[in-house]
1. Can you give the mean number of other chain Cβ atoms that lie within 10 Å of the Cβ atoms in peptide B:202-210?
2. Per residue of the protein assembly as shown, what 222 nm ellipticity follows from adding -39500 (n - 2.57) for every DSSP H run with n ≥ 4, rounded to the nearest 500?
3. By how many degrees, 0 to 90 and rounded to 10, does the Cα axis of helix B:46-55 deviate from the longest principal axis of chain B?
4. Using a Gaussian network model on chain B with a 10 Å cutoff between Cα atoms, which of B:128, B:240, B:257 fluctuates the most?
5. With a ≥ b ≥ c the root eigenvalues of the C-alpha gyration tensor of segment A:94-199, is it rounded (a/c under 1.5), prolate (a/b larger than b/c) or oblate?
6. Mind running the shape call on chain A? Use the C-alpha gyration tensor, a ≥ b ≥ c as the square roots of the eigenvalues: rounded below 1.5 for a/c, prolate if a/b tops b/c, oblate otherwise.
7. Summing +1 for each Lys or Arg and -1 for each Asp or Glu, what net charge is found among the other residues whose Cβ lies under 10 Å from the Cβ of residue B:113?
8. Which helices pass in chain A if a helix is a full DSSP H run, must span at least 20 angstrom along its long axis by Cα, and must have mean Kyte-Doolittle hydropathy not below -0.5?
Amino acid sequence: MSEFVFATAQYESGDWDSAPLVPANVIDSVARYTSLAVAPTGVIVSLGSPDLLRYPLVFLTGHLPVRFSQAESRMLGELIGRGGMLFVDDHNHDVDGVFHRTAIEEIARVAGPLNDLPNDHPLYSAYFHFTGGPPTTSHELNGWGDNLVHKHLQAVQREGRIAVLYSSKDYSSEWNYHPETKRFNSVDNTRFAVNLVVYALTR
Amino acid sequence: MRSPANRRALELLLRAVAFTGLIWLIAGSFMPHQPAGRVSLAEPSRLTLLRQWSLNPPADSLSVKFSTTPEAPVLDWLVALRRAGTGVTWSGAGLAPLALEVESRADPAGGVLVRAGGAPDRSVALRDRLGALDSLRLGRVGGTAIVPAAEGVIVASVHAESVTAVVPVGSPLHRILVLGAAGWESKFVVTALSERGWVVDARLTVAPRLSVTAGSPAALDTSAYAAVIALDSTASGQSDAITRYVHAGGGLILGPDAVNLRAFRDLLPAGPGHAVARPSLLVERVTTRADLPIHDLAPLRPNAVSLELADGHLVAAARRVGGGRVLALGLGETWRWRMQGDESALAAHRAWWAANVAAVAYLPVAGGGKPVNPAPLASLYQALGPPVEANEGASPGGSKSWLVLLSVMVSLLGEWTSRRLRGAV
């Protein structure tokens with residue numbers, strides 16, 4: 001059986017590697033809470049490369065403007081058309097920020113418009129139960145970025161499944177720490193990442 | 001023969017033989033039936049003639065020459081004649097063997113599976129009430145074709161020979177149950193079958209004693225599920241229920257990570273086999289089905305059939321178990337083919353999984369499907385035995401009359417000669 005490999009998208013525009021500790025943290029949580037076969041390290045995959053299709057779940061983040069090249073648009077279309085899923089997180093946590101404004105334009109161009117994901121969507125009960133929808137991040141509570149607590153994630157859905165998931169909640173900052181320090185948290189704030197992975201692997 | 005008394009006795013005997021023969025021949029000419037010799041029947045007149053023969057048998061035995069394989073009513077009539085006491089033999093050197101089987105496909109995309117058997121290298125034309133459908137080339141073990149739709153009946157023809165089958169009416173399809181660990185393979189098997197139109201329930205294990213379910217998994221029963229797909233060892237917990245389900249008529253597909261399970265040993269059509277080492281680079285760069293990781297299922301069990309070989313390795317085998325069917329697959333990580341293959345890979349992956357399910361799925365048939373006579377030539381052999389050449393089948397009645405006439409003539413000639421030799425008038 002092939003193991004799950006956490007893949008981070010490398011794209012030509014912007015700072016794709018702005019949250020380098022997220023993969024290790026997500027992998028740690030998946031291994032910690034589930035019996036899924038998971039690769040111990042993540043990979044970085046070029047968004048415009050055919051290798052993208054080796055990873056049906058791809059994580060994309062950044063602070064800077066996003067413009068997909070032709071190859072990137074094409075491969076992203078292939079990924080979601082064949083049943084893959086792209087998870088995009090705004091590392092700025094700012095709906096007026098350049099990442100948000102450009103990323104949603106690019107997503108709409110490649111995959112279609114984003115819509116609010118209902119807070120009772122199966123994503124929120126795929127493993128852990130998040131009854132109120134997406135868990136709030138400390139960056140939202142601290143009033144950083146756009147000073148908003150976003151009630152919903154957004155998504156492009158294809159045939160009842162999430163093809164593109166978009167977050168303005170800045171999970172990139174929330175999960176960007178060494179897994180070893182997780183033991184100091186009273187509640188593990190990466191549990192939602194397990195839901196993301198389990199959802200992608202089962203829906 | 002010097003004694004005149006003996007000579008007279010001989011002449012008397014010869015005269016008696018001659019008279020007896022003549023009386024037999026005269027009486028025979030007044031009998032209602034005559035010896036038929038070799039009878040050749042024209043297609044349109046067959047039934048009419050047979051009706052006449054039922055009332056007035058034309059001979060003690062018949063030799064029928066067929067130009068085409070007789071239809072079931074003609075065959076039934078000949079069998080009835082034989083059982084009524086008329087000897088029936090047949091000949092027909094040019095008859096082509098042809099057999100036909102038609103069944104609904106257990107596939108939401110619909111379609112009718114047509115299997116034809118006959119002489120190798122023959123081309124079989126398929127048609128329904130609306131016209132031509134398809135054709136197939138017969139191989140050593142016959143040939144199959146999938147017809148998207150057919151109206152009423154399907155007729156298979158080779159030259160003048162044809163077989164007809166009523167298109168079966170399939171019942172509504174039941175659901176599919178997928179059992180496995182959460183992962184890309186299980187996800188994309190569910191996705192592919194859902195895209196095909198199946199209603200798929202899934203129980204995917206994510207942690208010890210914790211599964212994610214899709215749909216509404218219910219108790220395993222042929223009233224609920226058309227097939228179960230067990231992808232890996234996580235299905236072993238339900239092995240007893242799966243075994244009962246298969247014996248009751250359900251379909252089972254075992255993935256390469258499930259064929260090693262001891263719990264399924266009694267169901268396996270082959271194996272358990274072994275994984276074939278392949279370069280990891282090749283596995284990661286899968287673009288076609290031929291690139292997929294292989295689990296060689298060999299050896300094949302005696303009552304199983306081999307369905308697919310890859311690089312000389314057995315990668316698909318099936319067998320019947322009780323009322324159900326079991327298919328073992330030796331190709332793993334098929335999701336890579338779907339994701340990394342060319343533009344056709346998505347549809348090909350979907351169609352491949354749909355075909356696997358169709359091969360085993362439980363599909364109650366509401367009606368139709370049975371040809372009137374699925375293999376006419378075989379039925380002819382079964383009913384009337386092997387063919388008899390025309391010479392062998394010549395009417396014994398005819399030779400008997402000729403012999404009697406010869407005996408009469410010889411007797412009369414003998415008597416006349418004897419009388420002349422002794423000087424009598």
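1. 4
2. -9500 deg cm²/dmol
3. 50 degrees
4. B:240
5. Oblate is the answer for segment A:94-199, as a/c is 1.5 or above yet b/c matches or exceeds a/b.
6. On the way: a/c = 1.32, a/b = 1.11, b/c = 1.19.
Here chain A falls in the rounded category.
7. Numbers: positive: B:105, B:115; negative: B:101, B:103, B:107.
Charge balance in the 10 Å sphere: -1.
8. Qualifying helices, which must be both long enough and hydrophobic enough, do not occur.
Values in this text are rule-based calculations from the coordinates and carry no lab data. The shown structure was predicted, so the numbers you read here are calculated from the model rather than taken from an experiment. Methodologically, a virtual Cβ is constructed for each residue, glycine included, from the backbone with ideal geometry; neighbour enumeration extends over all protein chains shown.
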